[in-house]
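Undergrad: Got a structure for you, questions after.
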Amino acid sequence: MTTIRRRDALAMLGAAGIFGGSMATAVRAQTEPTDVIRLGVAAAEVCSEAFYGVDKGFFRSAGVDVKLEWFTNPGAIGTAIAGNAIDVGLFDTAGLIAAHSRGIPFVLLANGKLYMDTDPTFGIIVLADSPVRAAKDVTGTFAVSSVNNIAALATMVWIDRNGGNSKRVKFVELPFPTMIDAVQRRTVDGAVPFEPWLSSAAHAGLRTIWPTNGIAHTFAGSCWVASRSWSETHSATVTRFIRAIYEAGRWANHNAEASIPIVAKYTKMAPNIIRGIHRGAFAESLDVASLQSVIDAAAAYGMSTKAFPTAEFTYRS
């Protein structure tokens, strides 16, 4: 069971690996007018709501001028928000929950990417001849991008709820691009990558195990976050952003093929790669249940100091 000290909370966000990598700096951090949102993202499909919002005009239509600021991990985004270098950014949900439980004044503006059992965006990869075939078999050393991210949390819950024992698993941190090689070399017993590395592992001959029936059949994997002070002094801008980001998510959920060129433009992934990965879905409104299930799991597994109601850290106009 994972425990985290308060002073590690921001650092934990840095490792909470929906992006991978360990260091990043903002490309731009100048002061912008109040009607402009400096939005922290990475060149990853999980951030593509923001790309659609820009390219399809959802932000402009809502009266918001979004300037994308590029990072390689959510910890750097958290640091930039805390230092007023950006206004809003994408976080790993488990990381945000842990930070909030330790008094860091971030507020959740909107749900982002959802994890769904029907279209999982991360999973366990093992060698084809591995004895690991179900939750009860998972034992040994497994690589994650962070021991504190949503994938690590969901994997532990899945193991325990489906006949296994998560205490028999040791998580070690590796960047996503190195996980496949580590499994193939048998330096780890398995790994828990996100897409597109998950699909790449299948193409490399590794076997995938889906952690379904874990935290919930659907839960919030990522979220859009701001500092409490900024959100309170920019309420009109926040309201417009929330409306636009959910409109972008709604469009993406119904336009999978049309969204591919936009994802390719910002991530530099080939369209055929994007077409072949699990992409899940984006939230189209604030889903309290999909957040509460993660909050409760984070508390139960020591990633958060306590459980709390979603209203405690969500934006209220």
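Undergrad: So, in the stretch 178-200, of the ones that are among the charged types (D, E, K, R) and under 30 Å from Ser48 (Cα atoms), which residue ends up modelled with the highest pLDDT?
TA: So the residue we want is Asp181.
Undergrad: Would the stretch 146-160 turn up any residue that is out of contact with any strand residue (DSSP E or B) (no Cβ under 8 Å at 6 or more places or on another chain), closer than 30 Å to Asn253 by Cβ and modelled with pLDDT under 95? Outline the logic, then answer.
TA: In the first step, residues of the stretch 146-160 are kept if they are out of contact with any strand residue (DSSP E or B) (no Cβ under 8 Å at 6 or more places or on another chain); the result is 148, 153, 157-158, 160.
Next cut, closer than 30 Å to Asn253 by Cβ only: 148, 153, 157-158.
So of that shortlist, the ones also modelled with pLDDT under 95 come out as 148.
Within the stretch 146-160 (the criterion being out of contact with any strand residue (DSSP E or B) (no Cβ under 8 Å at 6 or more places or on another chain), closer than 30 Å to Asn253 by Cβ and modelled with pLDDT under 95), the answer is yes, since at least one residue qualifies.
Undergrad: Considering every residue within the stretch 235-258, establish whether at least one is closer than 17 Å to Phe122 by Cα and surrounded by 20 or more Cβ atoms within 10 Å (Cβ to Cβ). Give the derivation first.
TA: Residues of the stretch 235-258 closer than 17 Å to Phe122 by Cα: none.
No, there is no match, as no residue in the stretch 235-258 is closer than 17 Å to Phe122 by Cα and surrounded by 20 or more Cβ atoms within 10 Å (Cβ to Cβ).
Undergrad: Another one. What is the one condition in (1) of a type outside the set (A, V, I, L, M, F, W, C); (2) surrounded by 16 or more Cβ atoms within 10 Å (Cβ to Cβ); (3) out of contact with any Gly (no Cβ under 6 Å at 6 or more places or on another chain); (4) within 30 Å of Arg102 (Cβ to Cβ) that Arg207 does not satisfy?
TA: Checking Arg207 against (1) of a type outside the set (A, V, I, L, M, F, W, C); (2) surrounded by 16 or more Cβ atoms within 10 Å (Cβ to Cβ); (3) out of contact with any Gly (no Cβ under 6 Å at 6 or more places or on another chain); (4) within 30 Å of Arg102 (Cβ to Cβ), the one that fails is (4).
Undergrad: Check Ile97 against each of (1) outside the structural domain of Phe308 (by TED's automatic domain parsing); (2) buried (at least 24 other Cβ atoms within 10 Å of the Cβ) and name the one condition it does not meet.
TA: Of the numbered conditions (1) outside the structural domain of Phe308 (by TED's automatic domain parsing); (2) buried (at least 24 other Cβ atoms within 10 Å of the Cβ), the odd one out for Ile97 is (1).
Undergrad: Which ranges mark the helices (runs of 4 or more DSSP H) fully within the stretch 249-317 that have 3 or more residues being assigned by TED's automatic domain parsing to the domain that holds Arg102 and in contact with a strand residue (DSSP E or B) (Cβ under 7 Å, 6 or more places away or on another chain)? Can you show your working first?
TA: Details: elements: 256-267, 271-276, 288-300.
In the stretch 249-317, the matching helices (runs of 4 or more DSSP H) lie at 288-300.
The values are calculated or read from the model by the stated rules, or taken from the named source; none is laboratory data. All values derive from a computational prediction rather than experimental measurement. A quick note on method: Cβ atoms are made from the backbone with ideal geometry, for glycine too, and the neighbour counts reach across all protein chains shown.
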